[in-house]
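Novice: Take this structure, written in structure tokens, and hold onto it; I'll ask about it next.
The values are calculated or read from the model by the stated rules, or taken from the named source; none is laboratory data. Please read these numbers as outputs of a predicted model, since none were measured by experiment. Here the Cβ positions follow ideal geometry from the backbone for every residue, glycine too, while neighbour counts run over all protein chains shown. Keep in mind that these areas ignore ligands, DNA and RNA; they rest on the heavy atoms of the full protein, side chains included. Shrake-Rupley method; radii C 1.70, N 1.55, O 1.52, S 1.80 Å.
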Amino acid sequence: MKKFILTAAALGLMTSGAAFANGMDNAVGNTVRIIVNDAGEGFDVYFDAGGVYSDSLGRTGATWAFDEQLCITPPPDAGAETSCGPWNEDLDAGGSWQTDGWSDDGTMITISILEGRGHEAPTPPTPPAE
């Protein structure tokens, strides 16, 4: 009986972790590359199974959640609001897709999944002129 309870508890933990990453399984543990313009400028994003988000621009302490849309919540001291947009659950590592769902002005971005981590990040986007 004790062995059954331990097995059930372990399965429950594995199931809850899988449910948390459900829809983002293709991103967790891989590099998600975001290209924001025709010059190839962009950044890499890293999603961890525990709901932690970081990127190659040095942003850390953010969290993510997926429920029909991907939502990124910056740390409280960042002074920014949660941002939500589409995610392609069917994209495999090595694949890319384009979307304007993360933009208010219809700007298209390219999202690619690179297998694993440790890739050289693209050139960061040039800040807009003031």
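Novice: Of all residues in region 94-118, which are of a type in the set (Val, Ile, Thr) and surrounded by 14 or more Cβ atoms within 10 Å (Cβ to Cβ)? Please lay out each step first, then the result.
Specialist: In the first step, residues of region 94-118 are kept if they are of a type in the set (Val, Ile, Thr); the result is 99, 107, 109-111, 113.
If the condition is that a residue be of a type in the set (Val, Ile, Thr) and surrounded by 14 or more Cβ atoms within 10 Å (Cβ to Cβ), then Thr99, Ile109, Thr110, Ile111, Ile113 are the ones that fit.
Novice: Scan region 40-67 residue by residue and report those that are free of Cβ contacts under 8 Å to residues at least 40 places away in the same chain and among the aliphatic types (A, V, I, L, M).
Specialist: Passing the criteria: Val45, Ala49, Val52, Ala62, Ala65.
Novice: What's the number of the only condition in (1) of a type outside the set (Phe, Trp, Tyr); (2) open to solvent by 70 Å² or more (accessible area, probe 1.4 Å); (3) within 21 Å of Pro128 (Cβ to Cβ) that Pro74 fails to meet?
Specialist: So Pro74 meets the others, but not (2).
Novice: Which one is nearest to Trp64 (Cα to Cα) among residues in region 78-93 that are open to solvent by 70 Å² or more (accessible area, probe 1.4 Å) and not β-branched (Val, Ile, Thr)? Explain how you work it out, then say what you get.
Specialist: We begin by selecting, within region 78-93, every residue open to solvent by 70 Å² or more (accessible area, probe 1.4 Å); these are 79, 81-82, 89-90, 92.
Cutting the leftovers down to not β-branched (Val, Ile, Thr) gives us 79, 81, 89-90, 92.
Details: Gly79: 16, Glu81: 12, Glu89: 15, Asp90: 18, Asp92: 20 Å.
Step by step, filter region 78-93, then rank; the result is Glu81.
Novice: Which residue, of Ala27, Ala62, Ala21, is at pLDDT 90 or above, more than 25 Å from Thr126 (Cα to Cα) and surrounded by 11 or more Cβ atoms within 10 Å (Cβ to Cβ)? Full working, then the answer.
Specialist: Details: Ala62 fails: more than 25 Å from Thr126 (Cα to Cα); Ala21 fails: at pLDDT 90 or above.
Going through Ala27, Ala62, Ala21 in turn, just one is at pLDDT 90 or above, more than 25 Å from Thr126 (Cα to Cα) and surrounded by 11 or more Cβ atoms within 10 Å (Cβ to Cβ): Ala27.
Novice: What number of residues within region 30-59 are β-branched (Val, Ile, Thr) and surrounded by fewer than 16 Cβ atoms within 10 Å (Cβ to Cβ)? It would help to see each step written out before you state the result.
Specialist: Narrowing region 30-59 to residues β-branched (Val, Ile, Thr): 31-32, 34-36, 45, 52.
After this cut, where a residue has to be surrounded by fewer than 16 Cβ atoms within 10 Å (Cβ to Cβ) as well, the list is 52.
Final tally of qualifying residues: 1.
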